[in-house]
1. Taking the condition of being basic (Lys, Arg) and open to solvent by less than 10 Å² (accessible area, probe 1.4 Å), how many residues in segment 53-102 meet it?
2. Pairs needed: first member in segment 334-351, closer than 11 Å to Arg264 by Cβ; second member anywhere, part of a helix (DSSP H, G or I) and basic (Lys, Arg); C-beta distance under 9 Å; at least 6 residues apart or different chains.
3. Could you go through segment 202-214 and let me know if any residue there is farther than 28 Å from Glu125 by Cβ and in a helix (DSSP H, G or I).
4. For segment 201-218, which positions are within 7 Å of the ligand (Cβ to nearest atom) and in contact with a Lys or Arg (Cβ under 8 Å, 6 or more places away or on another chain)?
5. State yes or no: is Asp221 part of a loop (DSSP other than H, G, I, E, B) and within 10 Å of the ligand (Cβ to nearest atom)?
6. Have a look at Ala167, Ala151, Ala198, Ala143 and point out the one that is more than 9 Å from the ligand (Cβ to nearest atom), open to solvent by less than 10 Å² (accessible area, probe 1.4 Å) and without any contact (Cβ under 8 Å) to a residue 40 or more places away in the chain.
7. Determine whether segment 224-242 contains at least one residue that is surrounded by 16 or more Cβ atoms within 10 Å (Cβ to Cβ), touching an Asp or Glu at 6+ places or on another chain (Cβ under 6 Å) and aliphatic (A, V, I, L, M).
8. Which one of these is at pLDDT below 95 and either closer than 30 Å to Asp336 by Cβ or outside the structural domain of Lys333 (by TED's automatic domain parsing) (or both): Leu271, Leu202?
Amino acid sequence: MAGKTAKKRGKPESVSDRLLAWYDVHARDLPWRVRPKARDKGARADPYCVWLSEIMLQQTTVATVGPYFRDFVSRWPDVESLAAAPRDKVMEAWAGLGYYSRARNLHACAVTVAEEHGGRFPDTEEGLKALPGIGPYTSAAIAAIAFDRKATVVDGNVERVVARLFAIETPLPDAKKEIRPAAETLTPETRPGDFAQAMMDLGATICSPKSPSCNRCPVSDGCLGLEKGIAETLPRRAPKKARPTRRGACFYLRNGKGEVLLRRRPDKGLLGGMMEVPTTEWTQAELDEDALLGAAPVNAKWARVPGLVEHTFTHFHLQLAIFVAEASAAQAKKADGIWVPEEELDTQALPTVMKKAAAHAAPDAGPLFKGK
Ligand code: SF4
């Protein structure tokens, strides 16, 4: 369908020409980006910055990523310094960006590039894909943006633009099978990196999800979605499955010295490698206090804090009951984990859900909780 549609629309390459001309003037100013004018003067994208930004941007908005990106490059200006950093420090700097397996893979990837590639990122999609945490999308984005390889980069923004340009009415996720080949017909031989970024910018600034500004669009002439009057309804989506609710408990244990017990989660699985306020398994069973207390880190005098902590992950909603207790010296000795001064909780690599749990347990306890 993509090929047919592209022919009907005339020359697919004309889309790239028009889009690149638009990008030359309107490219967004992003901290990791080399804009066309700077490129003309000889500046080149730094593969480290492109890689770092692409990993951060997965599932996260440009506005959120900006400060994290600046913080990372000021702490670790190149791949070698990031590789040499303790992983805990990297996880700590990442806290709040979510999807923590990305931070673990980020560090593992930096180590691989530093140790096995002499500090230089491979410059092909295949070479990049072999690195930890780099899948088909990210390898294409880095190959195109950092190395100007002809690679088709399809993120959510590009998906929307292409579905509209080609009037692809198949609902997502099935539509992906049509969107990719359609996008490939647009990717130019020259400046594929700028083209990829131009598509992203078009999707982010003009071809927006709810009300595209087609009157300002450089490729409106030939947009089948616009021509058919269905652009705003694209891409279609299959109805979402309802998110299940899981439940569990967190145990906020103090030791009488102003410290709180934290544990490190296993590397594999949700929030892998992050610190946690000791928690139970999260299951779909109704909350049963006796059963939950059976999983407490020590047999102390636990008191339930009224209310629940609620947090929504991609695939499920979580409700946590919160218990607090003071450990005796003997109990504190027995407890498995790390004792952290309560006022330093904000310096720990605590994921958002665990910050919520700690704030619920001790609303006035320290800097972490101010203003919550
Ligand atoms: S004409 Fe409108 S719908 Fe089509 S690509 Fe441009 S902004 Fe998007």
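The values are calculated or read from the model by the stated rules, or taken from the named source; none is laboratory data. All values derive from a computational prediction rather than experimental measurement. Cβ atoms come from the backbone with ideal geometry, glycine included; neighbour counts cover every protein chain shown. We work out accessible area using only protein heavy atoms, side chains counted, and drop any ligands, DNA or RNA first. Shrake-Rupley method; radii C 1.70, N 1.55, O 1.52, S 1.80 Å.
1. So in segment 53-102, the residues basic (Lys, Arg) come out as 70, 75, 87, 89, 102.
When the remaining residues are screened for being open to solvent by less than 10 Å² (accessible area, probe 1.4 Å), the result is none.
Residues flagged as basic (Lys, Arg) and open to solvent by less than 10 Å² (accessible area, probe 1.4 Å) within segment 53-102 amount to 0.
2. Ala349/Lys89
3. yes
4. Ile206, Cys207, Pro212
5. Working: part of a loop (DSSP other than H, G, I, E, B): yes; within 10 Å of the ligand (Cβ to nearest atom): yes.
Against the criterion (part of a loop (DSSP other than H, G, I, E, B) and within 10 Å of the ligand (Cβ to nearest atom)), Asp221 qualifies.
6. Numbers: Ala167 fails: without any contact (Cβ under 8 Å) to a residue 40 or more places away in the chain; Ala151 fails: without any contact (Cβ under 8 Å) to a residue 40 or more places away in the chain; Ala198 fails: without any contact (Cβ under 8 Å) to a residue 40 or more places away in the chain.
Of the residues listed, the single one that is more than 9 Å from the ligand (Cβ to nearest atom), open to solvent by less than 10 Å² (accessible area, probe 1.4 Å) and without any contact (Cβ under 8 Å) to a residue 40 or more places away in the chain is Ala143.
7. No: segment 224-242 contains no residue that is surrounded by 16 or more Cβ atoms within 10 Å (Cβ to Cβ), touching an Asp or Glu at 6+ places or on another chain (Cβ under 6 Å) and aliphatic (A, V, I, L, M).
8. Working: Leu202 fails: at pLDDT below 95.
That would be Leu271, the only listed residue that is at pLDDT below 95 and either closer than 30 Å to Asp336 by Cβ or outside the structural domain of Lys333 (by TED's automatic domain parsing) (or both).
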